[in-house]
Amino acid sequence: MRLDVVTIFPEYLEPLNVSLVGKARARGDLDVRVHDLRAWTHDRHHTVDDTPYGGGPGMVMKPEPWGEALDEVLADAGDDEQPVLVVPTPSGRPFTQEMAVELSGKPWLVFTPARYEGIDRRVIDEYGERLDVREVSIGDYVLAGGEAPVLVMVEAIARLLPGVLGNAESHRDDSFAPGAMAGLLEGPVYTKPPEWRGRGIPEVLLSGHHGRIARWRRDQALARTADHRPDLIAGCDPSALDKHDRAA
Ligand code: 6GU
């Protein structure tokens, strides 16, 4: 998978050299290219922003540098391989595990994290005529720029690529994963030692009884979801629940 990021803070994307994403890059499973938007400015001050038409606070990112940058990044696009353009913005559609799964199946993603009050609308409209453009938000709070959301989205997407997590089963039971746990939050986990500061391990996990363990994990997931995310229970497909779930 190829990922391009155009930003005025390339150093903000340094964490993409670390851990799971860094290793996927080193292996060649991920081709990440971070570009400095200011390379496509032509004035002495490398200006990327200007005052908003219509007035109001803050600054808006000028369209010309974005247009030149994206034209150059997209120059590699063949008829067969067009990237998805991911535009981080607090006014976007919510980024979800479902969207991460979908985007992890694409060969090429281009991210355009903005600062200030965002990018001149004409840039999104222009590329929206040629590309699949997704305006995406990572949650209901406002950040100073889209770089941290890009780190969040790239990590969520990269860990789904074949071979990136050691074990394909690692994401089977993920919180929000469809399937056996039907979008429930994951319950508690334990490892050795068997006693720590006087605290033991739930007896059932030591029983070796796989059926009872699976039932216990599901009860824990249901209880945790009801407590932390009752909206997920309310939105749950009733056919995803069984009579044991109802008893819990
Ligand atoms: Cl994608 N950008 C910014 N600036 N703030 C956000 C966001 C994105 N998602 C949630 N808050």
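The values are calculated or read from the model by the stated rules, or taken from the named source; none is laboratory data. None of the values given here were measured: they were computed from a predicted structure. Don't worry about glycine lacking a Cβ; one is built from the backbone with ideal geometry, like all the others, and counts go over all protein chains shown.
Some notes on this structure:
- Criterion: over 22 Å from Gly139 (Cα atoms) and in contact with a Phe, Trp or Tyr (Cβ under 8 Å, 6 or more places away or on another chain) - qualifying residue of Glu126, Glu81: Glu81
- Region 139-159 residues that are under 9 Å from Pro113 (Cβ atoms), paired with ones that are among the charged types (D, E, K, R) and near the ligand (Cβ under 9 Å from one of its atoms) (beta carbon under 7 Å, 6 or more apart): Gly145/Arg115
- Among the residues making up region 112-150, those that are within 11 Å of the ligand (Cβ to nearest atom) and assigned to a helix (DSSP H, G or I) are Glu147, Ala148, Pro149, Val150.
- Just so you know, in region 60-111 the residues that are of a type in the set (Gly, Ala, Ser) and outside any helix (DSSP H, G or I) include one that is nearest to the ligand (Cβ to nearest atom), and it is Gly92.
- Set side by side, the residues Leu185, Leu206, Leu232 differ, and just one is surrounded by 10 or more Cβ atoms within 10 Å (Cβ to Cβ) and over 30 Å from Ile157 (Cβ atoms), which is Leu206.
- Checking Val123, Val136 one by one, the residue that is within 13 Å of the chain's Cα centre (by Cα) and of a type in the set (Val, Ile, Thr) is Val136 and no other.
- Condition check for Glu102: of a type outside the set (Lys, Arg) and modelled with pLDDT under 95: no
- Hey, Arg33 modelled with pLDDT under 95 and surrounded by 11 or more Cβ atoms within 10 Å (Cβ to Cβ) or not: no
- Scanning region 51-64 for residues that are touching a strand residue (DSSP E or B) at 6+ places or on another chain (Cβ under 9 Å) and surrounded by 14 or more Cβ atoms within 10 Å (Cβ to Cβ) gives Pro52, Met59, Val60, Met61, Lys62, Pro63.
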